[in-house]
1. Name the residue that is surrounded by the most Cβ atoms within 10 Å (Cβ to Cβ), counting only residues in segment A:96-120 that are of a type in the set (A, V, I, L, M, F, W, C) and more than 10 Å from chain B (Cβ to nearest Cβ).
2. All but one of (1) more than 23 Å from A:Y267 (Cβ to Cβ); (2) part of a loop (DSSP other than H, G, I, E, B); (3) not hydroxyl-bearing (S, T, Y) hold for A:R98; state the number of the condition that does not hold.
3. Of all residues being of a type in the set (A, V, I, L, M) and more than 9 Å from chain A (Cβ to nearest Cβ) in segment B:59-92, which is farthest from A:L128 (Cα to Cα)? Just the residue, please.
4. Out of segment A:65-88, which residues are without any contact (Cβ under 8 Å) to a residue 40 or more places away in the chain, buried (at least 24 other Cβ atoms within 10 Å of the Cβ) and assigned to a loop (DSSP other than H, G, I, E, B)?
5. I'd like the full set of residues that are under 24 Å from A:I222 (Cβ atoms) and either within 11 Å of chain B (Cβ to nearest Cβ) or part of a loop (DSSP other than H, G, I, E, B) (or both), limited to segment A:150-168.
6. Exactly one condition in (1) among the small types (G, A, S); (2) surrounded by 16 or more Cβ atoms within 10 Å (Cβ to Cβ); (3) without any contact (Cβ under 8 Å) to a residue 60 or more places away in the chain is not met by B:G284; state its number.
7. Out of everything in segment A:121-142 that is in a loop (DSSP other than H, G, I, E, B) and at the interface with chain B (Cβ under 9 Å from one of its Cβ atoms), what residue ends up being nearest to A:R192 (Cα to Cα)?
8. Can you tell me which residue among A:D56, A:D42, A:D62, A:D93 is surrounded by fewer than 24 Cβ atoms within 10 Å (Cβ to Cβ), at pLDDT 95 or above and assigned to a helix (DSSP H, G or I)?
Amino acid sequence: MTNAQMDIGQLEKTALELRRMALKIIFEAGSGHPGGSLSATDLMTALFFGGILRYDPKNPKDPKRDRFLLSKGHASGIHYSVLAKAGFIAESDLSDYRKINSAKFLSGHGHPKTPGIEIASGSLGQGLSVAHGIALGTRLQGFDSKTYVILGDGEIQEGQIWEAAMSASKFKTNNLIAIIDFNKVAQDNITRDLKDIEPIEAKWESFGWDVQRIDGHNMAEIMEVLEKPSHPEKPRVIIADTIKGKGVSFMEGKTAWHGVAPSKEDYEKALKELE
Amino acid sequence: MKDAATRDAYGETLMDIGSNTDIVVLDSGVSDSTRTKKFGQKFPKRFFNMGIAEADMVCTAAGLATTGKIPFATSFACFLLGRTMDQVLVSVAYSNTNVKLVGTHCGLAVGEDGPSAQMIVDIAYTRAIPNMIVVQPADWVETAQATQALVDHEGPAYFRLGRPKVKAIFDSSYKFEIGKGRVVKQGSDLVIFATGSMVQESLVAMEELAKENINVTLVNISTLKPIDRDIILELVPCHGALVTAEDHNIIGGLGDAVGEVLLDNQIAVPFGRVAVKDQFAETGTGPQLYEKYGLSHNHIVKTVKDTLNKK
């Protein structure tokens with residue numbers, strides 16, 4: 001399995017490039033979710049290009065691969081950009097994003113018809129359970145694969161997340177790593193006012209998880225936490241403090257940029273900020 | 001072959017075929033009732049009791065399936081499906097994961113626990129889901145073979161099982177095949193298509209009808225989707241009248257599945273339906289509910305006669 005491993009400087013540069021790619025395909029599609037794509041970009045860049053995830057784009061179903069799931073599937077703009085950069089799909093495929101007859105099935109939310117995608121998303125709250133099932137499956141097979149899943153902060157308002165949190169703790173599934181893209185902003189409102197998820201660390205600790213908290217835009221911190229050895233028996237949750245729309249000043253922290261594509265003018269303005 | 005509940009046959013079969021290490025079983029805290037408990041005792045590493053959390057169970061099963069396992073996610077039908085429409089649609093059906101959803105305690109046959117425990121809309125719901133097949137066996141022999149057939153079938157499936165004991169219908173020469181109906185008894189005046197517990201109910205009705213020289217054909221329809229179009233198109237025209245019988249709401253179940261085939265083929269013959277009449281029932285024993293809510297052999301007799309009168 002190939003294992004691209006960039007240094008911190010290269011990762012930061014790649015993250016900028018991926019932000020531009022994600023905005024480009026959302027702009028060209030005329031719809032999509034820029035805010036949550038930009039908040040998750042640094043985390044996904046570290047996973048895919050920092051030597052964390054073991055994967056082979058030429059053999060995307062390798063049973064011994066590590067798994068990555070984007071449970072907050074609306075951030076597909078960044079997911080497909082990462083899959084193209086990693087070689088699962090071609091960069092030319094990205095022009096099909098959210099368009100009918102898409103050759104690689106680049107739907108608004110991911111589906112396993114696209115190489116590199118494990119399960120369909122689009123309904124929040126399911127990904128942690130699915131990731132847990134995968135982690136149980138690879139453990140049964142005797143593989144040392146790890147399964148990573150990115151959740152949204154608003155997403156953990158879904159009750160099923162906490163069912164899964166209890167399950168992974170019960171089964172001591174320590175090859176499961178959940179990463180919360182804690183960007184503080186959901187579609188309707190800031191997450192705190194929509195329905196507060198704090199105290200977030202105490203919640204996960206009380207559910208029996210190994211809790212880590214980092215700045216989700218500090219590449220060195222991200223790499224450091226991802227390189228930590230697994231807890232001997234607990235599943236791990238990484239609470240990554242992030243900024244919705246990170247990198248584009250007029251999008252940062254704004255609910256308005258949850259699910260709207262930029263105009264041509266805004267897109268060009270954004271690109272200048274991401275150089 | 002023996003008289004037993006289909007849930008018992010399922011539990012025993014899982015034990016018999018459990019040496020296949022691809023098989024994993026999940027339950028949501030009711031494993032003594034669904035009969036998966038014994039599998040859990042025999043194969044503890046491949047048994048996952050997810051607690052009372054059906055949504056989590058269904059998606060965990062989907063995850064396991066992506067690693068090549070064949071998960072049987074089991075619970076009472078009313079909770080297994082009632083609580084997980086979204087999970088079944090996205091993580092199982094749309095993702096096309098190889099998950100077997102096994103719902104026990106279906107229909108009014110459940111009895112005293114009341115309407116919140118009597119699942120009567122599951123066939124309608126699962127039939128309407130793309131990629132999903134729907135199977136309801138009639139007895140022990142068929143349940144055992146269908147369980148193995150679901151292991152061999154690649155793709156999502158719903159397996160509908162019952163709580164009370166049912167009579168043996170088939171002997172060991174029976175060969176279950178997904179998508180195939182089977183003539184249980186040959187007659188000539190009318191054809192009954194029955195599923196699940198209504199196969200034994202129909203046999204009782206047919207004895208009574210025979211006393212009045214009414215001889216009907218009985219077909220067991222254990223695969224509700226894909227429905228066996230061939231057997232319907234072969235037998236309905238030559239009998240000239242039909243009745244369907246199911247422990248399920250009258251909307252969306254076996255009656256509609258058979259009716260769709262007739263409609264598609266412009267076949268108009270007298271057609272009676274024995275099913276729950278779009279209402280919630282109440283508490284009471286299974287046989288009492290079958291009598292009061294129109295599912296008993298007495299109702300089948302009456303429906304057959306009424307239908308024949310329209311011939």
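1. A:L106
2. (1)
3. Out of the qualifying residues, it is B:A77.
4. Matches in segment A:65-88: none.
5. Passing the criteria: A:D153, A:I161, A:A164, A:A165, A:A168.
6. (3)
7. A:G125
8. Among A:D56, A:D42, A:D62, A:D93, only A:D93 is surrounded by fewer than 24 Cβ atoms within 10 Å (Cβ to Cβ), at pLDDT 95 or above and assigned to a helix (DSSP H, G or I).
The values are calculated or read from the model by the stated rules, or taken from the named source; none is laboratory data. Just so we're clear, the structure is a prediction, and the values are computed from it rather than from any experiment. Glycine gets a Cβ as well: all are built from the backbone with ideal geometry, and neighbour counts include every protein chain shown.
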